Amino acid sequence: MYRYDDFENTRERENIYHEFSEKLWADAGEYDSLTEEQKNELRQKEKDFAQSLSLDEWGSDKFGMERIEESHPEYPDHYFKIGYFRSSYNSGGIERILRNLDLPTMSDIFRNDSDEYYRKPDWEQSLVKCEEVLELFKSKGAYRVNQVSGNIFRNDCEVKSESDALRVFLKEIEKSPEGGYSNINGEFYQGEPIKVLALIPGKTKIFKEMDCTYVITESDNSWYIQALEIVRDTIKYVLSKENKEQYYLHWSG
């Protein structure tokens, strides 16, 4: 999250710089054909132009904006911060966790239905939505869903019986008796065994539709509840400011 003195002015100057930089290098020809001396001359021109626009050497208005990222007082070691959130792309990402439970996601909280990198939320509406999601999430069970399907990049499957599967597992234990990981042979959880509640046959699509098994496991929602509380308190942080209209999210998809 960032606070801008004048968002429109900052973006205008930064865009002017990036257009200048792109044209400068495009007109210079192939990058690999340039000598180091030529490259340094171009870089100096970039820096000089950036300085003329009151930007830093990378073309950013670091003087006209402030990055907000503070540890939460109750959860100082949490990955989420006041002003910083992240959802990984794997099954443990908060977006996936919420979506699998048919709940609104972070995108819904901030109504981010576009591909825009710079986002100015309606902070009041975001607070209402975040508190709604938080209460709904607290009422849900701590369930996770993973899927096991055939490896589309491997046609020589050697596992055709229970004993074959056990043989693969025992070999993995010999190589790595601890930790959790995945490889061409499957998913392994020796370090932190998972509690499986159900195995449900179904379909998945990776380039083409194929059979799979959905594995329902039991987990713990505490980390995600804390994450949503940090999101809520970030919104409250903004709403407590007289200049709340100056706060924006940088949203990377």
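The values are calculated or read from the model by the stated rules, or taken from the named source; none is laboratory data. From a predicted model like this one, the values you see are computed outputs, not experimental measurements. Using ideal geometry, Cβ is built from the backbone for each residue, glycine included, and neighbour counts are taken over all protein chains shown.
Filtering the stretch 157-168 for residues that are surrounded by 14 or more Cβ atoms within 10 Å (Cβ to Cβ), more than 30 Å from LYS244 (Cβ to Cβ), hydroxyl-bearing (Ser, Thr, Tyr) and modelled with pLDDT of 90 or more leaves an empty set.
Scan the stretch 93-104 residue by residue and report those that are free of Cβ contacts under 8 Å to residues at least 24 places away in the same chain and within 16 Å of TRP223 (Cα to Cα). First the steps, then the outcome.
Of the stretch 93-104, the ones free of Cβ contacts under 8 Å to residues at least 24 places away in the same chain are 93, 95-96, 99, 102.
Within the stretch 93-104, GLY93, GLU95, ARG96 qualify.
Of all residues in the stretch 206-232, those that are assigned to a helix (DSSP H, G or I) and surrounded by 17 or more Cβ atoms within 10 Å (Cβ to Cβ) total 7.
Please verify whether GLU116 is among the acidic types (Asp, Glu), surrounded by 11 or more Cβ atoms within 10 Å (Cβ to Cβ) and in a helix (DSSP H, G or I), treating the condition exactly as stated. Taking the combined requirement at face value, the residue does not satisfy it. When the residues of the stretch 71-99 are filtered to those that are closer than 13 Å to GLU229 by Cβ and in contact with an Asp or Glu (Cβ under 6 Å, 6 or more places away or on another chain), which remaining residue is surrounded by the fewest Cβ atoms within 10 Å (Cβ to Cβ)? For the stretch 71-99, the residue satisfying everything is LYS81.
Of all the numbered requirements in (1) loosely packed, with under 12 Cβ neighbours inside 10 Å; (2) without any contact (Cβ under 8 Å) to a residue 40 or more places away in the chain, TYR189 misses one, and that requirement is (1).
Checked against (1) modelled with pLDDT of 95 or more; (2) small (Gly, Ala, Ser); (3) out of contact with any Phe, Trp or Tyr (no Cβ under 9 Å at 6 or more places or on another chain), SER126 meets all criteria but (3).
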